[in-house]
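*Asks:* Encoded as structure tokens, here's the structure I'll be asking about.
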Amino acid sequence: MKNWIIASAALLAAGQARADEAPLTFVTTADLHARTAAAPPTRWAFTVVDARTRVEFEENHIAGAISCPATQTAALLPRLVKDKSRQLIFYCNGPKCTKSQKAARVAISLGYRKVLEYNEGLPAWGKASLPVAGNPMPPAEMASVSPEDLRTRMEAGKGPAVIDVRDAVEFASVRVAGTVNIPLDELENRAREVPAGEVVVMDHSGSQALIAGRVLQKTGRRGVSRLEGGLLAWQQKGLPVEEKALAERR
């Protein structure tokens, strides 16, 4: 019996590894538009899944899509889509955003058999002026700061408070030293934790920071800046980060 349990666990792990490594099939903007325009959402033979945060979904999303944040896919998707033979199309904030890829791979590991990724994501959909839904907050006036300028100020001990609005798993994996993690979906309820004075918001590639600025403006904060290009731009400039192994040793 013990050997059978070990063998089963090994097979499950191997299956998860294959799901993580398997190439995903992409759908283009033109193809997704053709599919969604052919019938109302209630008659679609597929489900469009927004893998971004709840706040981003409420702000703006592809009309007819459902919200299933990437960090909650394993628990939430089986409740939202019970038929594992139904086709799923995941999207997020475009090629620089990894949430749709992560969520799609989780779906495959859960046994969903028809999983696609709309890699071009919401930016391409919006650029094509295709149908969206949501309840946008008033735009926020946000200055931007370059990775180099922020690094210089932080090294001099004169840097602003830096709030990283990525999810907790992403933050634990890699982060800029000295930053504070308040995930975007928690930001409004935890706004009191944002220090007084100058604040810079950062995310993965820049899109979430704009919404974070709107959330903070809604709570009464002004003068919030954003890191240009997010953590991705910071890393592309060769600036230092803390990775999980290093952080765990501290």
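The values are calculated or read from the model by the stated rules, or taken from the named source; none is laboratory data. Quick caveat, the model's predicted, so the values are computed rather than measured. Backbone-built Cβ (ideal geometry, glycine too); neighbour counts: all protein chains shown.
*Asks:* Which one is farthest from PRO147 (Cα to Cα) among residues in segment 206-239 that are surrounded by fewer than 15 Cβ atoms within 10 Å (Cβ to Cβ) and among the polar types (S, T, N, Q)?
*Replies:* My answer is THR219.
*Asks:* Shifting gears a bit: Looking only at residues that are of a type in the set (Val, Ile, Thr) and assigned to a helix (DSSP H, G or I) in segment 71-89, which one is surrounded by the most Cβ atoms within 10 Å (Cβ to Cβ)?
*Replies:* Selected residue: THR73.
*Asks:* Within segment 51-70, how many residues are buried (at least 21 other Cβ atoms within 10 Å of the Cβ) and either part of a strand (DSSP E or B) or modelled with pLDDT under 95 (or both)?
*Replies:* 1
*Asks:* Further question on the same structure: Could you list, in sequence order, all residues of segment 115-160 that are surrounded by 14 or more Cβ atoms within 10 Å (Cβ to Cβ), out of contact with any Phe, Trp or Tyr (no Cβ under 6 Å at 6 or more places or on another chain), free of Cβ contacts under 8 Å to residues at least 60 places away in the same chain and outside the structural domain of VAL201 (by TED's automatic domain parsing)?
*Replies:* Selection gives nothing.
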